[in-house]
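Asks: The structure follows.
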Amino acid sequence: MKLERVITTPDTYAPFLLSQGIRFGDLLFISGQAGAGEDGRIVEGGFRAQGEQAFANLRRALEAGGSSLDKVIKVTIFVTDMGKFDEVVRLRRIFFQEPYPADTIAEVRALYDPEAMIEIEAIAAVGDAEGA
């Protein structure tokens, strides 16, 4: 099996020598998606706005790789303030459905941009999740 690079347009990751994601067989590995708009800048509006944008970016990268939010197997969510845990659960309720993906939520000191408060990476199935 070969590695296939997932590319979205615009690809704000290219200058950093990163792939939005990598497909390997029936698995898709998505790089961390933060609350940045298409211009690469962190959206305004606080944690909730950034979280919604991060999930929208995750959806876009998953779809570019032939998958979707309902095929996410494992997600890792990094936050700069674990006090936002309840808000993360609310966002998960909006964007995921049962069976919910395996999850790790971790507080980190900082993300790639000082304004970023949340970043989400994922592993997802490609193709028929029922048969996977």
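Asks: Taking the Cα centre of the range 43-110 as the origin, how large is its charge dipole in debye, to the nearest 20, when only Lys and Arg (+1) and Asp and Glu (-1) carry charge on their Cβ atoms?
Replies: On the way: 10 positive and 10 negative charges, 23 e Å.
Rounded to the nearest 20 debye, it is 120 debye.
Asks: If you don't mind, there's one more thing I want to ask. If one computes the Cα centroid of the range 1-60 and of the range 65-132, what distance in Å separates the two points?
Replies: 12 Å
Asks: So what's the angle, to the nearest 10 degrees on a 0 to 90 scale, between helix 85-95 and the longest Cα principal axis of the chain?
Replies: Result, in degrees: 40.
Asks: How big is the antiparallel share of DSSP beta bridges in the range 1-107, given as a percent to the nearest 5?
Replies: 60 percent
Asks: Along the Cα→Cβ direction, 7 angstrom out, place labels at residue 5 and residue 73. What is the inter-label distance in nm?
Replies: 2.4 nm
Asks: When the helix-only estimate is applied to the chain (DSSP H runs of n ≥ 4, each -39,500 (n - 2.57), divided by the residue count), what is the mean residue ellipticity at 222 nm, nearest 500 deg cm²/dmol?
Replies: Working: 2 runs with 30 residues, N = 132.
Only helices count here, giving -7500 deg cm²/dmol.
Asks: Determine the sum of side-chain charges near residue 3: Lys and Arg each +1, Asp and Glu each -1, restricted to other residues whose C-beta is under 15 angstrom from that of residue 3.
Replies: Once all neighbours under 15 Å are counted, the net charge is +1.
Asks: Order the peptides 101-110, 12-21 from the highest to the lowest mean number of other Cβ atoms within 10 Å of their residues.
Replies: Ranking, from highest mean packing down: 12-21, 101-110.
Every number here is computed from the coordinates shown, using simple stated rules; none is lab data. If you're wondering where the values come from, they're calculated on a predicted model, not measured in any experiment. So basically every Cβ, Gly included, is an ideal-geometry build from the backbone, and we count neighbours across all protein chains shown.
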